[in-house]
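Report on the following structure.
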Amino acid sequence: NQALKELATKRSAAFVDLQEPFRKLTADHRKTGAEDLLLTTDGVHMNDQGYKVMAQTILAALGVHD
């Protein structure tokens, strides 16, 4: 993620950190004692909730809010 951020800065491109919101939501979910997957179907591929978080994060970075 850091390398991507540096590359975006070097190229004057937008960078949207998707890992941080996923990490936070997953950590909060596991604090409840849940062991099931929250944002993915298999630990890698997004489920509907994962895609929603991804879209909301990108839209917020672009200045578009609900």
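In the context of the full set of protein chains, the chain has a per residue accessible area of 80 Å² (1.4 Å probe). Between the helical axis of 19-31 and the longest alpha-carbon principal axis of the chain there is an angle of about 20 degrees.
Mean projected area of the convex hull spanned by the Cα atoms of the chain, taken over all viewing directions: 5.3 nm². Within straight-line reach of K31, meaning a Cα separation under 19 Å, sit the following aspartates and glutamates at least 8 residues removed in sequence or on another chain: E20. Between T40 and S12, the FRET efficiency from the beta-carbon distance, with R0 = 35 Å, is close to 0.65. Between I58 and K24, residue separation times 0.36 nm minus the direct Cα-Cα distance comes to 10.6 nm.
The values are calculated or read from the model by the stated rules, or taken from the named source; none is laboratory data. Since the structure is predicted, the reported quantities are computational estimates derived from the model, not experimental observations. Don't worry about glycine lacking a Cβ; one is built from the backbone with ideal geometry, like all the others, and counts go over all protein chains shown. Ligands, DNA and RNA are stripped out before the accessible areas are found, and what is left, the full protein with its side chains, is counted by its heavy atoms. Shrake-Rupley method; radii C 1.70, N 1.55, O 1.52, S 1.80 Å.
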